[in-house]
Amino acid sequence: MKNAYDLLAERGYLKQCSHPEELRELMGKEKLTFYIGFDPTADSLHIGHYVALMTMAHMQRAGHKPIALLGAGTAAIADPSGKTDMRRLMSAEELDHNAACFQKQMARLLSFEGENAAIFVNNAKWLRELNFLDFMRDIGVYFSVNRMLAAECYRQRMERGLTFFEMGYMLMQSYDFLVLFREHGCCLQMGGDDQWSNILGGADLIRRKEQKPAYALTTALLATSEGKKMGKTEKGALWLDPNKTSVYDFYQYWRNVDDAEVANCLRLLTFLSLEEIAALTAPDADINEAKKKLALVLSAQVHGEEEAQKAALAAEALFGGGGSIEHMPTLRLTVAQIEETGLRVTDLLALGKLCASKSDARRTIEGGGVFMDDEKVADVYAVADKNKLREGIIFRKGKKSFLRVIENN
RNA sequence: GGAUGGGUUCCCGAGCGGCCAAAGGGAGCGGACUGUAAAUCCGUUGUCACAGACUACGAUGGUUCGAAUCCAUCCCCAUCCA
């Protein structure tokens, strides 16, 4: 079997590693236990987390044992890394709920059976009972403030201000690593590259306190086309929960990625072989086929084969002509709604969430961006034809947003 | 605890008694061009019963015919001092 380290490297996951050669050798001859931490600050994972999940899955397939750490304890403190502002603080109940949501979504990619079954741990278990004095004495002494301040992530925050509260984050994350090392023999922590100093802190702590080797490894962050991290507090997050980001939107997102990013996305987010990816993205290949593949495969991984097919069919129907319209976002009007809206186009668009509000709908119509059954809506006061409602009327905003409005019965 | 400067629409940021739903930029949305791409150009971006009304410039009160703009109290942030 291929060395997992090489596998991660050639797919482009690897960013930084504390001891590259040593770790690679170790991964070649032993089955390691490793962990990645996730802060449950929302009730769903988003695509940024997904890269981390992929690395876990690859590692597991290579025989290593993954631990997914749910940071309900650490999330009580805001991680200052890469954030321009402090996060909103969350209650313990909220965090526990979110952790449960994460767990469900992760289960899709990891295996919980066999020798190297994945396990979940929650650092609230040990962090919430920590005694402050003991912690400061046992752990605090190993951290140099000078060194912490020198780290890039803190330097950025220095300009806007940094509280002691936030600096504690690094100590706690390091402590997590130590606990997992002691309880599970976990000697490797992985994570996004923004976590580099935090992860390194833990590896150093273990090396100093336990006199045993521990490793830090970070993966490339998935960036948006603007080069910004897709974080949960930034805009443009793509959620894995279909209620927060519909399967159709999820599919469309990947169908529309930048040409330049397709190959990278395929490598990082799917399990397709490198050969296949190379073929798909070869200079003489049709880049749009590669995008379709990416959208379909990734949607299937996240939402299941059936849902992905539906999204693909809907897209085909809308853009390719032919295909089915069954899976388009649909608004079913009740009798009461028909009366209430009087079938005014502006009202329907707002009701169906195609536009943010009636005012927004009005403006979009004025800008010539709304179509009803492929005919441009010219009048802000336009009303839909009630007779067509039984068959369903297709509204389109711009080129990519559709809504099918149909009588509900 | 003290001093100083701040908190403005999705974000940054101008405005500092009426002409302010608030300049400019970013981001979003729509149009043209395309490949459901990028780049570019144009329009648009609080809500509604849309030539009008209502709600908004940290919070609450006040002054005024009239407040984002002035005053008071409070909350929060930054910088320096302790």
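The values are calculated or read from the model by the stated rules, or taken from the named source; none is laboratory data. All values reported here derive from a predicted model rather than from experimental measurement. Glycine also receives a Cβ, built like all others from the backbone with ideal geometry; neighbour counts cover every protein chain displayed. Ligands, DNA and RNA are stripped out before the accessible areas are found, and what is left, the full protein with its side chains, is counted by its heavy atoms. Shrake-Rupley method; radii C 1.70, N 1.55, O 1.52, S 1.80 Å.
A few comments on the model shown:
- Qualifying residue in segment A:308-322 (condition: crowded, with 17+ Cβ neighbours inside 10 Å and of a type in the set (D, E, K, R)): yes
- Scanning segment A:33-45 for residues that are open to solvent by less than 10 Å² (accessible area, probe 1.4 Å) and either hydroxyl-bearing (S, T, Y) or at pLDDT below 95 (or both) returns A:Y35, A:F38, A:P40, A:S44, A:L45.
- Output for segment A:253-281, where each listed residue is of a type in the set (S, T, N, Q), within 16 Å of RNA strand B (Cβ to nearest atom) and at pLDDT 85 or above: A:N264, A:T281
- Screening A:L149, A:L109, A:L133 for residues that are more than 17 Å from A:A72 (Cα to Cα) and exposed (fewer than 12 other Cβ atoms within 10 Å of the Cβ) leaves exactly one candidate, A:L133.
- When we screen A:A290, A:A312, A:A317 for residues that are without any contact (Cβ under 8 Å) to a residue 24 or more places away in the chain, within 13 Å of RNA strand B (Cβ to nearest atom) and part of a helix (DSSP H, G or I), the only hit is A:A317.
- Restricting A:K353, A:K358, A:K400 to residues that are touching a helix residue (DSSP H, G or I) at 6+ places or on another chain (Cβ under 9 Å) and at pLDDT below 90 narrows the list to A:K400.
- Which listed residue is more than 8 Å from RNA strand B (Cβ to nearest atom) and without any contact (Cβ under 8 Å) to a residue 40 or more places away in the chain, from A:D360, A:D347, A:D374: A:D374
- Pairs, first free of Cβ contacts under 8 Å to residues at least 60 places away in the same chain in segment A:24-35, second open to solvent by 10 Å² or more (accessible area, probe 1.4 Å), C-beta under 7 Å, six or more apart: A:R24/A:N3; A:R24/A:Y5; A:M27/A:N3; A:M27/A:Y5; A:G28/A:N3
Results for (1) at positive phi; (2) over 19 Å from the mean Cα position of the chain (by Cα), shown as yes or no for each residue.
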| position | (1), (2) |
| --- | --- |
| A:A260 | no, yes |
| A:L266 | no, no |
| A:A285 | no, yes |
| A:A290 | no, yes |
| A:L294 | no, no |
| A:G304 | yes, no |
| A:A308 | no, no |
| A:M328 | no, yes |
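- Checked against (1) surrounded by fewer than 18 Cβ atoms within 10 Å (Cβ to Cβ); (2) part of a helix (DSSP H, G or I); (3) not aromatic (F, W, Y), A:Q195 passes all but condition (1).
- Against the test of being part of a helix (DSSP H, G or I) and either near RNA strand B (Cβ under 10 Å from one of its atoms) or touching a Lys or Arg at 6+ places or on another chain (Cβ under 7 Å) (or both), the options A:I394, A:I406, A:I365 yield a single qualifying residue, A:I365.
- For segment A:352-383, the set of residues classified as open to solvent by 70 Å² or more (accessible area, probe 1.4 Å) and more than 18 Å from A:L318 (Cβ to Cβ) consists of A:A356, A:K358, A:R362, A:R363, A:E366, A:A378, A:D379, A:Y381, A:V383, listed by residue number.
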